[in-house]
Amino acid sequence: MTLLSMIDNAKSREADVYTKFQQYDADASGFIDEGELACLLDDLNMLTGDGAKDQRFLEKQFIVADENGDGKISFEEFKVFYNAAIDLKQGKAPKTPVKG
């Protein structure tokens, strides 16, 4: 694989993640809020259906994803979190501290 093809692959993966970001940014604010993150976690089957347990899990994941603590998840933060969540779902060790 050449460097150029690796760059093309990376750009393609980033474009795919950006499409997901836009999908979950329901209010088109340019950020993901806690409710929008809940939709992502639910779609990834990471919620259990136990309201209180899911709420604690969601709050914990939001803190992990919101790296700068501004109360919203930017695309850069989403990209890291989403890739780690996908790795976790696929049984791979995530490269970031997403907690299952």
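The values are calculated or read from the model by the stated rules, or taken from the named source; none is laboratory data. Worth saying up front: this structure is predicted, and the values here are computed from it rather than measured. No Cβ is skipped: glycine too gets one built from the backbone with ideal geometry, and neighbour counts run over all protein chains shown. Each accessible area value is taken on the protein alone, full model and side chains, heavy atoms only, with ligands, DNA and RNA left out. Shrake-Rupley method; radii C 1.70, N 1.55, O 1.52, S 1.80 Å.
Values as computed for the structure displayed
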{"item": "Residue under evaluation K20, criteria (1) charged (D, E, K, R); (2) at pLDDT below 95; (3) within 23 Å of Q90 (Cα to Cα), criterion not met", "result": "(2)"}
{"item": "Failed item in (1) in contact with a strand residue (DSSP E or B) (Cβ under 9 Å, 6 or more places away or on another chain); (2) in contact (Cβ under 8 Å) with a residue 24 or more places away in the chain; (3) in a loop (DSSP other than H, G, I, E, B), with N45 passing the rest", "result": "(1)"}
{"item": "Residue tally, condition open to solvent by 80 Å² or more (accessible area, probe 1.4 Å) and either part of a helix (DSSP H, G or I) or not charged (D, E, K, R) (or both), over the stretch 20-31", "result": "4"}
{"item": "Residue tally, condition surrounded by fewer than 15 Cβ atoms within 10 Å (Cβ to Cβ), under 21 Å from Q23 (Cα atoms) and not polar (S, T, N, Q), over the stretch 36-62", "result": "5"}
{"item": "Count - residues of the stretch 25-35 that are without any contact (Cβ under 8 Å) to a residue 24 or more places away in the chain and within 12 Å of the chain's Cα centre (by Cα)", "result": "1"}
{"item": "For A84: the one exception among (1) over 14 Å from A38 (Cβ atoms); (2) in contact with a Leu (Cβ under 8 Å, 6 or more places away or on another chain); (3) aliphatic (A, V, I, L, M)", "result": "(2)"}
